[in-house]
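Have a look at this one before I ask anything.
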Amino acid sequence: MSTSYKLEIYEKPLKAIKAGVKTVEIRTNNSYEEIDYDRLKKGDTISFQIISGPPFTGLDVVVENALIVEVLSVVKYKDPQDLLEKEGLQVLSTLVTNIEEGVELLYSFHEYKEMIPKHGIFAIHIKPFN
């Protein structure tokens with residue numbers, strides 16, 4: 001049975017998902033989201049809520065239910081380097097030019113440096129519902 005989740009996202013990556021450019025969402029378990037990414041599975045749905053930022057200032061939702069996507073697969077990695085080596089730099093759009101920059105970027109996200117060693121990092125393959 002599939003489960004539906006609400007997740008917060010910035011407007012720019014949401015537009016890339018809508019356009020089909022971004023097909024992988026990268027997340028880690030943290031203290032501010034209710035979801036446990038270890039439980040996320042193929043067939044689940046995510047309703048993205050647009051939040052203000054960046055930078056991360058909290059979960060003030062600007063647009064509720066801005067986009068609903070289907071989860072195609074979820075892959076857990078031990079760290080950002082492992083994820084980027086297997087998934088490729090394209091999962092970070094055009095934000096970085098090499099793996100080292102990608103690792104640095106991912107560790108700069110709110111709580112990622114503290115939470116990835118505890119929970120790993122997840123590549124969530126998604127597809128928007130038409």
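Every read-out reported here was derived from the displayed coordinates using simple, explicitly stated rules and does not represent laboratory data. Just so it is clear, the structure is predicted and the values come from calculations on it, not from any experiment. In this analysis, Cβ positions are derived from the backbone assuming ideal geometry, glycine residues included, and neighbour counts consider all displayed protein chains.
Considering the stretch 15-42 alone, what residues qualify as being surrounded by 15 or more Cβ atoms within 10 Å (Cβ to Cβ) and assigned to a loop (DSSP other than H, G, I, E, B)?
Scanning the stretch 15-42 gives Lys22, Thr23, Thr28, Asn29, Asn30, Glu33, Ile35, Tyr37, Leu40.
Restricting attention to the stretch 43-58, and to residues there that are more than 15 Å from the chain's Cα centre (by Cα) and not hydroxyl-bearing (Ser, Thr, Tyr), which single residue is surrounded by the fewest Cβ atoms within 10 Å (Cβ to Cβ)?
Pro55
Hey, could you check the stretch 1-14 for residues that are charged (D, E, K, R) and assigned to a helix (DSSP H, G or I) and say which is surrounded by the most Cβ atoms within 10 Å (Cβ to Cβ)?
Looking at the filtered set, the residue picked out is Glu11.
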